[in-house]
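Below: one structure, written as structure tokens.
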Amino acid sequence: LAVEMQLFLITPVFLAFMYWKPLIGNILTGIAVIATTLVRIYPFEQKVDDPTYDDFKNVYIKPWYRFGPYGIGLLLGSILYSCKDNQFKGTVARVLMVIGWIVSLVTFYLVVLEYDPDPTGLTRSEYVAYQSLFRSAWATALAFVVFATAKGYGGIIGSFLSWDAFAPLAKMTYSTYLWHFCVLDYVNAMISYRVYLSQAYMSFLCISNVIVAMGVGLAAVLLFEAPTMHLEKLLFGFLGLAGLPKVNKYKVE
């Protein structure tokens, strides 16, 4: 969470360049994404040489190692904004979309299913390359799915992602993200017996944790986030920075 806040604080710099000088802004963001991806090579080289190397402390919580997916999200937003009036019709556009879908699906497969979680099953180069690239590769593949769906090339996946039922759930995602660690810690702390892992066990555990985390996230939205956002709108309205929120009046008969 601290990493995300630090990235959030520097975002206006990139957004300012993207707004006033889109080309320069996109180039700077792209350079930052490439740089933060390449610098991940060094710590994971150390991880290979020293199995006790704490990659959570030295990599996971460091913002300069985590900007890649964040910057890709910024680039996606800039691209969608700059080509919002372009419908991407024609044979060339369709061919590019097909190629993009193939590359994205292959990327998803390689990142999730092809990776061997046992470092001893990989060569040094394979391990370092995967740890350096997989986050940015995953984010790039997701960014294409969002872009293709926005431009009408989502197909079945796009229809599913555009399902109206996701609208209320989308408002709870950030709150759920904030609270899900508490749910995981609570569940793990309750285990006082030996657990034998299996696909069925992990599936049930993951599904139940998601449902409970979403419930906690909903409670947090209703108790904290929604009231705070309404107070923010009232404050901005009184300060003249924005209009006051609309009030729906109902006549009682």
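The values are calculated or read from the model by the stated rules, or taken from the named source; none is laboratory data. Everything numeric in this text was worked out from a predicted model, so none of it was measured. A quick note on method: Cβ atoms are made from the backbone with ideal geometry, for glycine too, and the neighbour counts reach across all protein chains shown. Note: areas computed on protein heavy atoms with side chains; ligands, DNA, RNA excluded. Shrake-Rupley method; radii C 1.70, N 1.55, O 1.52, S 1.80 Å.
Here the 3J(HN,Hα) profile of the range 229-236, calculated from phi with Karplus coefficients 6.51, -1.76 and 1.60 at θ = phi - 60°, is 5, 5, 4, 5, 5, 5, 4, 5 Hz, Gly and Pro shown as x. Using C-alpha pairs below 8 Å separated by at least 6 residues, the relative contact order for the chain is 16 percent. Note on the range 1-81: semi-axes of the ellipsoid equivalent to its C-alpha gyration tensor, largest first and rounded to whole Å, are 29, 13, 8.
Loop-resident chymotrypsin sites (Phe, Trp or Tyr not before Pro) (DSSP state other than H, G, I, E or B) in the range 184-240 with no more than 16 further Cβ atoms inside 10 Å of their Cβ: Tyr193, Tyr196. Charged side chains reduced to their Cβ positions (Lys and Arg at +1, Asp and Glu at -1) give the range 1-152 a dipole of some 760 debye around its Cα centre. The value of relative contact order for the range 9-59, using C-alpha pairs under 8 Å at least six residues apart, is 20 percent. Applying both filters, DSSP loop and at most 14 other Cβ atoms within 10 Å, to the trypsin sites (Lys or Arg not before Pro) of the range 35-89 gives Lys84, Lys89. Entry comment: accessible area of the range 150-198 is 79 Å² per residue, from protein heavy atoms only and a probe of 1.4 Å.
The alpha carbon gyration tensor of the range 93-200 gives principal lengths a ≥ b ≥ c with a/c of 1.5 or higher and a/b no greater than b/c, which makes the shape oblate. The residues of the range 1-126 expose on average 67 square angstrom of accessible surface per residue, using a 1.4 Å probe on protein heavy atoms. At q = 0.16 Å⁻¹, what is the log10 ratio I(q)/I(0) for the chain, with the Debye formula run over Cα points and no solvent? Result of the Debye calculation: -1.63. Ordering Gln46, Trp138, Leu96 by Cα displacement along the dipole of the chain toward the positive end leaves Leu96 in first place; charges were set at the Cβ atoms of Lys, Arg (+1) and Asp, Glu (-1).
For the range 63-111, the normalised intensity computed at q = 0.17, 0.23, 0.24 Å⁻¹ comes to -0.75, -1.02, -1.03 (log10 of I(q)/I(0), Debye sum over alpha carbons, equal scatterers, no solvent). Length gained on full extension, Val210 to Tyr193: 3.9 nm, using 0.36 nm per residue less the C-alpha separation. Multiplying the residue separation of Leu235 and Leu161 by 0.36 nm and subtracting their alpha-carbon distance yields 23.2 nm. Each Cα pair under 8 Å and six or more residues apart adds its sequence gap; the mean of these over the residue count of the range 55-143 is a relative contact order of 49 percent.
Normalised by 2.2 N^0.38 Å, where N counts its residues, the alpha-carbon radius of gyration of the range 142-210 equals 1.54.
Roughly speaking, to the nearest percent, how much of the chain's 1.4 Å accessible area is carbon and sulfur?
71 percent
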